[in-house]
Amino acid sequence: MSPEPTDAPTPGRVRPRRLRSTEAMRRLVREVDVHPRQLVLPVFVREGLTEPRPIDSMPGVVQHTLDSLRGAVAQAAAARLGGVMVFAVPEVRDATGTQATEPDGILNRALAVAAAEAGDALVVQADLCLDEFTDHGHCGVLTPDGRVDNDATLVRYADMALAQAAAGAHLVGLSGMMDGQVAAVRDALDAAGYDEVAVLAYAAKYASAFYGPFRDAVESQLEGDRRTYQMDPANRREAAREVAIDIAEGADVVMVKPAMAYLDVLADVAASSSVPVAAYAVSGEYAMIESAAAAGWIERERAIRESVLSIRRAGADHVLTYHATELAGWLAEEYR
Ligand code: PBG
């Protein structure tokens, strides 16, 4: 056993608790904050609804009509959020996800509504992926033998990006995990004169069980899983590779998803990325907090604040969370 150094500070002199002794002291030394501008609200729109429809596995979240979407965007703007991420569920699905690229497809119409309502107040973000639009539920088109065809999918993504930019999206969020998707979409946007539309790459997106409630929210028809394109939850180093590729291809923002179970990955990415880093607190994270809080097992507001703060502490510049508008309201009180 090594002896105690004789000049070891005695607890009497060195007392970390001093900086925790009052709220004013804690506020002074706090290392990270959450601001409304760092929060992005994901929203769902469902074609053919006459009223918003609750999502059972995501209490408090609904499938919007175009009209109720307008209200949600107005609230997000009033709460001074950073943006909204728009997902949409079409009435009709097919093998190639035709509705994703129709100018009057539900996602593109929803983007136009959101962009008109948001004006300059929010970054209107578009989910760019085919899974909501295909009848098989995969994020891309399939080969005749049923595998996801990477390069044929890139052609669809490029067309989708153009439709979304034309609808008024300020940023497109590539969530499909196809190789080369950032380059394909960047080139298509630039060739069409949309060089100011930003690309967010879901760079490190894992094949996660925590997307369960989302699949209800978009009425997913997927059978099987996405393990041939989304990352293996065991892999940390591989995230750095995905991020480097996406940045080299021109990504303006990179994302880690899910958030809470991947804070180590997020911290790595935040430490090495040359572009802003987003993290997505996904539907299963939301459902866990809501269900435990509803049972009285955790304090709801504290748990929501702590989870988002932890994601910020790990290094996210901004956070996609279904709690964004409500959390921003609490924060506004605090900073007033
Ligand atoms: C795919 C997509 C998914 C989510 C966002 N984009 C689902 C998936 O990859 O299976 C999940 C978001 C969430 O769970 O909140 N377009």
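Worth a mention:
- Surface/4 of the Cα convex hull for the stretch 132-179, nm²: 3.6
- Sorting 64, 136 by the number of Cβ atoms found within 10 Å of their own Cβ, with the fewest placed first, yields 136, 64.
- Taking amide hydrogens as placed 1.01 Å from N in the peptide plane, the amide H of residue 320 sits under 5 Å from those of 40, 279, 280, 281, each at least 5 positions away in sequence or on another chain.
- Over all pairs of different C-alpha atoms, the stretch 33-335 has a mean inverse distance whose reciprocal, the Kirkwood radius, equals 19.0 Å.
- For residue 45, residues with placed amide H under 5 Å, excluding near neighbours: 64, 87, 88, 89
- Distance histogram for the stretch 198-336 (every C-alpha pair counted, 5 angstrom bins, percent rounded to whole numbers): 2, 10, 18, 20, 19, 15, 10, 4, 1, 0
- DSSP loop GluC sites (Glu not before Pro) with at most 13 other Cβ within 10 Å: longest gap in the chain: 92-195
- When the chymotrypsin sites (Phe, Trp or Tyr not before Pro) in the stretch 259-307 are filtered for DSSP coil states and for at most 12 other beta-carbon atoms within 10 Å of their beta-carbon, the remaining sites are 297.
- Simple label model, 7 Å out from Cα along Cβ direction - residue 53 to residue 301, nm: 3.4
- Percent of Cα pairs in the stretch 72-188 per distance bin of 5 Å, from zero to the largest separation: 2, 13, 23, 22, 18, 11, 7, 3, 1, 0.
- In sequence order, the stretch 93-103 has phi-based couplings of 10, 8, 5, 9, x, 3, 5, 5, 10, 6, x Hz under the Karplus curve 6.51 cos²θ - 1.76 cosθ + 1.60, θ = phi - 60°, and Gly or Pro positions carry x.
- Trypsin sites (Lys or Arg not before Pro) within the stretch 93-172: DSSP coil, no more than 13 neighbouring Cβ in 10 Å: 147
- Antiparallel DSSP beta bridges within the chain, percent to nearest 5: 10
- Qualifying trypsin sites (Lys or Arg not before Pro) for the stretch 212-288 [loop in DSSP, other Cβ within 10 Å: at most 16]: 227, 236
- Residues 318, 138 arranged by fewest to most Cβ contacts within 10 Å: 318, 138
- Size of electric dipole in the chain: Cβ of Lys, Arg +1 and of Asp, Glu -1, about Cα centre, debye, nearest 20: 1760
- At 1.567 mPa s and 4 °C, Stokes diffusion of the stretch 127-218 via Kirkwood alpha-carbon radius, µm² per second: 95
- Under-5 Å amide H pairs with residue 126, H placed in peptide plane, nonlocal only: 86, 171, 172, 173
- Farthest towards the positive end of the charge dipole of the stretch 33-335, among the residues 188, 307, 58, is the Cα of 307, using unit charges on the Cβ of Lys, Arg, Asp and Glu.
Taken together, the values in this text are just the output of simple stated rules run on the coordinates, not laboratory data. None of the values given here were measured: they were computed from a predicted structure. Cβ coordinates were reconstructed from backbone atoms using ideal geometry, including for glycine residues, and neighbour counts include every protein chain displayed.
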